[in-house]
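Step one of this worksheet: look at the structure below.
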Amino acid sequence: MEVHLRRNFKRFFIVPILVLSLGMGLVNCSEQPAKALTDLETGFITPPDSAKPRVWWHWMSGNVSKAGIKADLLWMKRVGVGGFQNFDAGLASPQIVDKRLVYMTPEWKDAFLFTTKLADSLGLEMAIAGSPGWSESGGPWVTPAQAMKKFVWSETRVAGGQPFKGILPKPPMTTGTFQNIAIKRSEKAAPIPEYYADASVVAYRVPENDIPISELKPKVTSSGGKFDLASLTDGDLEKTTFLPEAKPGEKSWIQFEFAKPEAIQSFAIVMQGGSRRYNGSNNNSQAFESSDDGRQFNTVSQFKRGESPQNTTTFSPVKARFFRVTFIAPLPPKKDDGSASGNRRSAAPAGRQIAELVLYNVARVNRFEDKAGFSAKAELYSLATPAVSAADVVNKNEVVDLTSNMQPDGTLTWTPPAGRWVVIRLGYSLTGKENHPASPEATGLEVDKLSADHCKAYFTEYLRQYKDATGGLMGKKGLKYIITDSWEAGTLNWTDKMMTDFKTRRGYDILPWLPVLTGHIVESAEASDKFLWDFRKTIGDLTAVNHYDQLTTLLHEQGMGRYTESHESGRAYVVDGMEVKRTADIPMSATWTPRIVGSNTIQTVHKADVRESASVAHIYGQNLVAAESMTAIGTPWAWSPESLKPTADMELASGLNRFVIHCSVHQPVFDKLPGLGLGPFGQWFTRNETWAEEAGAWTTYLARSSFMLQQGKFVADVAYFYGEDNNITALFSDKLPDVPSKYNYDFVNADIVANILSVNTNGEIITPSGMTYRLLALDANSKYMSLTVLRKINEMVQAGASLVGAKPEMTPSLSDNQDEFKTITDKLWGAGTGENKSAKGKVYAGQTIAEALALMKVTPDFEYTINQDSTDLLFVHRKLDDADIYWVNNRKNKVENLDATFRITGKAAEIWHPETGLIEDASYSIAEGHTKVSLKMEPNDAIFVVFRKKAKSSAVALKQPVETQLAVIEGAWNVSLQPKIGKTENIVLNELTSWSENTDPGVKYFSGTGNYTKTIQAPADWFKEGSQIWLDLGSVKNLAEVVINGKSSGIVWKTPFRVNVTASLKQGENMVEVKVTNLWVNRLIGDQQKGTKTKITYTTQDFYEANSPLLPSGLLGPVKFVNLTAN
């Protein structure tokens, strides 16, 4: 009967049900499809392990047991999880086992070997983090000499024309972020090692106008505190003086008064404290001001606190007698408006600690600290150093190498030429970053990511430890992957071989430019900024090659592979995110759920991050795209599959095809529910979740969706070049590129443009992996373009490629020839506007992507009719040799009836439903190279529109089914609540209301599964040939399994909560069971009620209060039977 109905129904009402019979997926087809298409259908209905979601599986603070391991892994296998990524983590979890298993002790290794063998026997993919904890690559075996480093320096002024012999001050060997600023650690933490080595000694002739402020002897006053010139300019960045906050809206200040007007071009400040944000807005204005009389002040520059500990700001010269830095105190909080946020307003800051405030009468490199890699600040092009007089810069030819003149004790012997000189002693010390959050026994220094030798030593030892722990079961069996999580290791900007590495990669000697690293301008402001661009580029290259690419090589030697995340959000370190992932076997990203449970508004930065990984996989050829998925904070145990679906679907829309659910913390015991978690972070997807045994319906949806999106090749019309010295999650944290929604795109970086892309004879941009694009688009960030990239773009345009974007302004690299740069840009862009033909290709100068695609006559790949103002569909197109797959997602929580148009011709349309595995024919019409398909999409729906069969007609119109209500089920239901989680005896509910509204506390605060039972009569006239009977549950909180006469009809987990009961319902008396599972939240709140003597639940902290709102729970209805009959 199902096959007969399928022929005659355009569609049944589709529901999120785990179909227990593969008969639901049968397709009536007179022609036997090719094997590949048969495999496609089979894989969709029963997804293979490669499509199943993985989980992050944390062992918390040594709370590990073999019994818990076995239970965890058997549950994963049972509910359709394809593997796990193990993290040996800390986060101060309380001990709940008799004995902690400490990392790499014999007991720990015994448990890990047990895990490896069990995972292998179950066919679960197994991975480990790149270090104990989750970030990044460090441990107790990393020696100080192998650890992450920063450069440090001291400066000594020397008079020329006479011999000098003296000890150069040793640069700070303090372990910390900058110069002598020490890393902040708890008082209980063990002392952190120190390390120092010299790198170089150089001297430069001081520009004539460069007079130290100490020689100008200004008078220092302030609005509060006790400041003096010596302490503000002594170079000790740890010693601070307190500047009290002024009255709200008024200024606190530190002032310099000179005996006569002086020209100032820069100032540097080191401070702690103060308020960046207060009362919800950025009211803390900071400014550098000047005055001729000390009464009327003008603003010279407003400055923001930078991301490095010291911030140098440069501006056009200003001549005055008085200069001061000012801080406007924030306004007081608004009166409490009664809201929760109104009760959490922060107190006004008391003031700020000032360590250093130095004024310069000769310009320094603007924000050199950020540009030299002491922070990972994004968009540094906006901080270009203003042009300065040639008389005020250091002459590159007057930078002298004195390294060989210095003895090991720092003694320098040298006779400088006439003039005033500064000797810079440059060395390097540790940043002090450690792997985290690991148990104390597994915590150590992070390895130097710039050093090939140190990275190799680290990973070789790490893999040796696990080879021992797994008994050698690594590679094809057992342990198969390492996952490097998003970067949380801070910044580093030096390594042992930095000077030779720089010359090798940039083609010129770093030595005469070393003064730039300490803020001095060499040759010109532009040249100094370009050198620092090259310096950052070298840091990025070394990180990508020596840390990430080398890890891939080492793993492949073991038969293993690499999952890798990069920035996740913002700019976490000085390296391009796509380069970090390019040799990963599975590029990976991260996506967090919205702060509001059930919202379908996902932060843009997560869309950008997933698309970054997807672009890597499409272009470098990995195909698989993973993400740390559905990470949450502050909403413990409050998520169900229905509320998670919008987040998961947005990941799919961005290119994901392998979910790695964050997270599934190991539960070592069986008497603590819901058990251990990862601090405030979720998901809380463990065998102790209330819906753990029903999770197979959810994981199957994820697996089916992933399987389909792993097939074929991604279809995109636009390759989007986002520029250099920046990263995707910083540039597109709030808004994605302006690519029309009717088309799709991949990101491309400099490495891809220069080394991967080429042009075919049709003028299409292609990759060895099989990707094809019609248009190369330039982001505004590419207005600074390296010559290497520009040359390749020119080559591609000459070969027939189409290019759209603004004309680049300059090369950011000192290695490049600006004249050649100008010649190429003038040839390609001409005056910078309009359509310019160059050889076989075209440049759409200054035009939008939409305008260029229209001019190229590239028709949309996907578009749809908008029946409601808020209609919002997303799509992904995958192309196989003999089929096309479109995934379509309704982003709104409402039904949409619409027509969608696909850039496909000659093939019939089918609808494949990942919730059920159902495949059905669709109505369609073909015209002008496109196919229009009629779609009905349920709230937050996602479907596949598949074109795999040759169309027998240019138009097919299938009849709509007719729905008739048969009966509304009213009256009392018997309900038995799951024992040991509250109320245990059977209850009777006279009407369907939320458990949370019940007066009985055992019901009100119940969390778990309640089994609703009722006997109903099904009259004979319900059963008609060519019809189906469906049970509609109405509203369900949160999942339900329907059982009719002892036969399961499946699990439903999202709206509409409907199941087909035709096969199990019979005429006459029927026993109807609806097993409804809610969430842990209500029970957790119940355990906080006053007078509670014995808590039913266990968590590592109290996440809810007694007055926290309860969640609707149970079967809410209305429950009804409906008939679907072919029209």
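By how many degrees, 0 to 90 and rounded to 10, does the Cα axis of helix 787-798 deviate from the longest principal axis of the chain? For helix 787-798, the angle is close to 50 degrees.
Other residues with beta-carbon under 14 Å from the beta-carbon of R420 carry, at +1 per Lys or Arg and -1 per Asp or Glu, a net charge of -4. Within a Cβ distance under 11 Å of A719, other residues only, what is the Lys/Arg minus Asp/Glu net charge? Residues close to A719 contribute a combined charge of -2. With R₀ set to 41 Å, the beta-carbon distance separating A1020 from N974 gives a calculated FRET efficiency near 0.95. Here r is the Cβ-Cβ distance between I866 and T504 and R0 is 41 Å; the resulting FRET efficiency, rounded to 0.05, is 0.15. Stretching E835 away from D198 to a fully extended chain increases their span by 223.8 nm, per 0.36 nm per residue minus the current alpha-carbon distance.
Of the residues V1119, S953, V858, the one whose Cα sits farthest towards the positive end of the charge dipole of the chain is V1119 (charges of +1 on Lys and Arg Cβ, -1 on Asp and Glu Cβ, taken about the Cα centre).
Stretching the chain fully between Q965 and Q95 yields a gain of 307.6 nm (0.36 nm per residue, less the alpha carbon separation).
The sum of -39500 (n - 2.57) across all DSSP H runs of n ≥ 4, divided by the residue count of the chain, sets its helix-only mean residue ellipticity at 222 nm to -5500 deg cm²/dmol. In terms of surrounding Cβ atoms within a 10 Å radius of their Cβ, H436, H877, H58, H547 rank from fewest to most as H436, H877, H547, H58. Taking other C-beta atoms within 10 Å as the exposure proxy, I987, I510 rank I987, I510 from fewest upward. Taking label points 7 Å from Cα along the Cα-to-Cβ direction, S382 and E398 give a separation of 3.6 nm. I need the calculated FRET efficiency for the pair S186 and I596, taking r as the beta carbon distance and R₀ as 41 Å, to the nearest 0.05. Efficiency, rounded to the nearest 0.05: 0.75. Taking label points 7 Å from Cα along the Cα-to-Cβ direction, S316 and S1035 give a separation of 6.4 nm.
Charging the Cβ of each Asp and Glu at -1 and of each Lys and Arg at +1, and nothing else, the dipole of the chain about its Cα centre rounds to 860 debye.
For the chain, build the charge dipole from Cβ charges (+1 Lys, Arg; -1 Asp, Glu) around the Cα centre, then report which of P386, S137, F902 sits farthest towards its positive end. Among P386, S137, F902, the one farthest towards the positive end of the dipole of the chain is F902. Across the cross-link table entries K150/K792; K396/K456; K99/K1090; K99/K980; K150/K319; K894/K980, which are compared at the Cα atoms, the separations over 29 Å belong to K150/K792; K396/K456; K99/K1090; K150/K319; K894/K980.
Measure nothing but the geometry: give the 0 to 90° angle between the long axis through the Cα atoms of 696-709 and the longest principal axis through the Cα atoms of the chain, rounded to 10°. Roughly 60 degrees, rounded to the nearest 10. A full extension of the chain between T993 and M173 corresponds to an added length of 288.4 nm, given 0.36 nm per residue minus the alpha carbon distance. What does the charge count around D110 come to, taking other residues whose C-beta lies under 13 Å from its C-beta (Lys +1, Arg +1, Asp -1, Glu -1)? It works out to a net charge of +2. Between K239 and K857, the simple label model (points 7 Å from Cα in the Cβ direction) yields a spacing of 7.7 nm. To the nearest ten degrees, helix 818-829 and the longest principal axis of the Cα atoms of the chain are 40 degrees apart.
By other beta-carbon atoms within 10 Å, ranking E694, E628, E398 with the fewest at the front produces E398, E694, E628.
Just so you know, all these numbers are worked out from the coordinates, no wet-lab data involved. Note that the structure is predicted; figures quoted are calculated from it, not measured. Cβ atoms come from the backbone with ideal geometry, glycine included; neighbour counts cover every protein chain shown.
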